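Report on the structure given below.
Since every read-out is calculated from the coordinates, none of them should be taken as a lab result. Being a predicted model, the structure only gives us computed values, none of them experimental. Cβ placement follows ideal geometry from the backbone for every residue including glycine, while neighbour counts extend to all protein chains displayed.
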């Protein structure tokens with residue numbers, strides 16, 4: 001499924017759960033930000049029935065590159081990394097600002113450490129716990145704003161749709177009962193769908209004296225990053241259910257309503 005101006009866009013629908021249901025097609029979508037959405041892409045989103053946008057970016061990111069929202073769509077801003085300081089997921093502009101310095105700074109495993117620290121933050125930061133709680137509640141009509149009450153599909157995104165968005169998708173799918181291998185496969189699909197579209201960035205980085213290989217751990221995703229988040233979930237909350245109840249403060253009833261809202265019989 002290709003949407004003009006939205007690389008790394010996909011419908012989570014069709015993934016099977018352990019209960020024998022599937023995530024309802026046309027209900028949950030993930031993508032990059034909508035700042036480069038083309039008119040034809042906006043029309044395609046409307047045809048898919050998307051009416052609600054959840055933006056996981058920082059305020060600074062939104063001010064620099066605001067979404068181009070088609071008419072009839074509402075948006076909700078949930079800055080999951082508000083408490084993170086210099087978290088990698090919220091610093092993509094700075095990543096490309098000084099190629100030579102960055103190439104030096106990220107050699108020898110520094111990029112890996114930077115990214116894994118971000119994934120631990122996505123699980124444990126107070127702002128992340130608040131943001132992902134509100135995201136899940138918005139899917140069952142308890143998001144605290146008018147957009148949560150509207151019908152139609154939900155598109156959630158950050159900047160490149162891979163880290164903050166990747167964890168939103170992965171944790172949601174696991175809570176719905178999708179097996180971890182399938183969740184991991186969807187997570188890693190970003191490397192196929194997104195990285196080729198970033199080739200001009202790699203080329204400019206090289207032309208400015210940077211080593212393009214230094215960007216791969218930051219602009220792509222790795223199974224290790226997702227495993228880091230899942231290890232943090234197990235360490236702090238005992239598992240994905242504990243993450244939802246103890247970490248996010250959702251009740252068993254909330255989780256039952258979430259399942260009912262976004263899954264259908266296979």
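Mind telling me which of 13, 249, 71 comes out most flexible in a GNM of the chain, alpha-carbon contacts under 10 Å?
Result for the chain, Cα springs under 10 Å: 71 fluctuates most.
Roughly what angle does helix 180-193 make with the longest principal axis of the chain, taking Cα atoms, 0 to 90 degrees, to the nearest 10?
50 degrees
Determine the percent antiparallel among the DSSP beta bridges restricted to segment 10-265, to the nearest 5.
30 percent
Could you compute how fast the chain diffuses translationally, taking Rh as the Kirkwood radius over C-alpha pairs and applying Stokes-Einstein at 25 °C with viscosity 0.890 mPa s? Give it in µm² per second.
Using the Kirkwood radius from Cα pairs, D works out to 131 µm²/s.
Please give the per residue volume of the convex hull enclosing the alpha carbon atoms of segment 130-248, rounded to a whole number of Å³.
135 Å³
Distances over 19 Å make up what percent of all Cα-Cα pairs in segment 7-75?
I get 38 percent for the Cα pairs in segment 7-75 exceeding 19 Å.
What number, in percent, do you get for the relative contact order of the chain if the mean sequence gap of Cα pairs under 8 Å and at least 6 apart is divided by its residue count?
Normalised by residue count, the contact order of the chain is 26 percent.
So which residue, out of 244, 110, 82, gets the largest mean-square fluctuation from a GNM of the chain using Cα contacts under 10 Å as springs?
110
Would you mind ranking 64, 162 by Cβ crowding within 10 Å, fewest neighbours first?
Listing 64, 162 from fewest to most nearby Cβ atoms yields 64, 162.
Using Cα centres only, tell me the gap between segment 223-266 and segment 57-79 in whole Å.
Computed from Cα coordinates, the inter-centre distance equals 26 Å.
Where does each of 241, 30 land when they are ranked from fewest to most other beta-carbon atoms within 10 angstrom?
Final ranking by Cβ density, sparse to dense: 241, 30.
If you find the alpha carbon centre of segment 1-41 and of segment 162-212, how far apart are they in angstrom?
Using only Cα atoms to place each centre, the spacing works out to 14 Å.
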